[in-house]
Amino acid sequence: MYIAFDSVVKFTGDAIVNAANDGCIGGGGIDGEVNRRGGPVLEEARWALPVLEAGRRCPTGDAKITVAGYLPCSKVIHAVGPAFGYSPSVEDHADKLELLEAAYKNAMERARENELKSVGFCILSAGIFRGGCPLKIVIETGLKAIAKNTYSGLETVVFCGFTPQEQGEIHDLAASLA
């Protein structure tokens, strides 16, 4: 596993993991940038995902895979992390952290099913959906879920911290392991 302090949209491996919403059409933040750079081919692929119920194409905690359009990878795995509430207590976020772990697990499962050798991850639920959950906990949950769900044939995982706050937390976590 590698850590990158850059945007996942620049990843040139087999697939990137996008922080999608349950409609899986497009949103703001990284999801909006993925759509913009992927262009109409990616947008059409997202619209073609089956609608499950109430406009949802991907339940929270799950992941879907599409072509990447004009992105420098071949696939995009759209993983739906939870929207955390604003409680400062980590215990109040336990159910959402389970959904976050499931989103990473299911993203890894889509990668395994498609025999992908290299996957780049953005940090799921790290932006406006993080609410009051500490960023450190969100990042730790993601890293542990990726590590628990590696598979034979996977050669490279890149975990991308984009914002200065994400980069600082990743740096501090890595330093605590040294």
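The values are calculated or read from the model by the stated rules, or taken from the named source; none is laboratory data. In this text, all values refer to a predicted model and were calculated from it rather than measured experimentally. Cβ atoms come from the backbone with ideal geometry, glycine included; neighbour counts cover every protein chain shown. Remember, those area values only see protein heavy atoms, side chains included, never the ligands or the DNA or RNA. Shrake-Rupley method; radii C 1.70, N 1.55, O 1.52, S 1.80 Å.
Applying the criterion of being open to solvent by 10 Å² or more (accessible area, probe 1.4 Å) and hydrophobic (A, V, I, L, M, F, W, C) to the residues of the range 55-70, the residue that is nearest to residue 97 (Cα to Cα) is 65. Selection over the range 10-33 of residues that are under 9 Å from residue 80 (Cα atoms), in a loop (DSSP other than H, G, I, E, B) and either open to solvent by 20 Å² or more (accessible area, probe 1.4 Å) or touching a Lys or Arg at 6+ places or on another chain (Cβ under 7 Å) (or both) gives a count of 3. Of the residues contained in the range 139-157, one or more are found to be touching a residue at least 40 places away in the same chain (Cβ under 8 Å), open to solvent by 30 Å² or more (accessible area, probe 1.4 Å) and in a strand (DSSP E or B).
So residue 99 passes all but one of these: (1) part of a helix (DSSP H, G or I); (2) closer than 21 Å to residue 10 by Cα. Which condition number does it fail? Condition not satisfied by residue 99: (2). The selection criterion, being basic (Lys, Arg) and either crowded, with 23+ Cβ neighbours inside 10 Å or over 17 Å from residue 159 (Cβ atoms) (or both), holds for residue 96. In the set (1) part of a loop (DSSP other than H, G, I, E, B); (2) open to solvent by 40 Å² or more (accessible area, probe 1.4 Å); (3) modelled with pLDDT of 95 or more, the condition left unmet by residue 88 is number (3).
Annotation: residue 130 fulfils all but one of (1) surrounded by 21 or more Cβ atoms within 10 Å (Cβ to Cβ); (2) under 20 Å from residue 168 (Cα atoms); (3) touching a His at 6+ places or on another chain (Cβ under 9 Å); the unmet one is (3).
For residue 109, the stated conditions hold: it is charged (D, E, K, R), open to solvent by 30 Å² or more (accessible area, probe 1.4 Å) and part of a helix (DSSP H, G or I).
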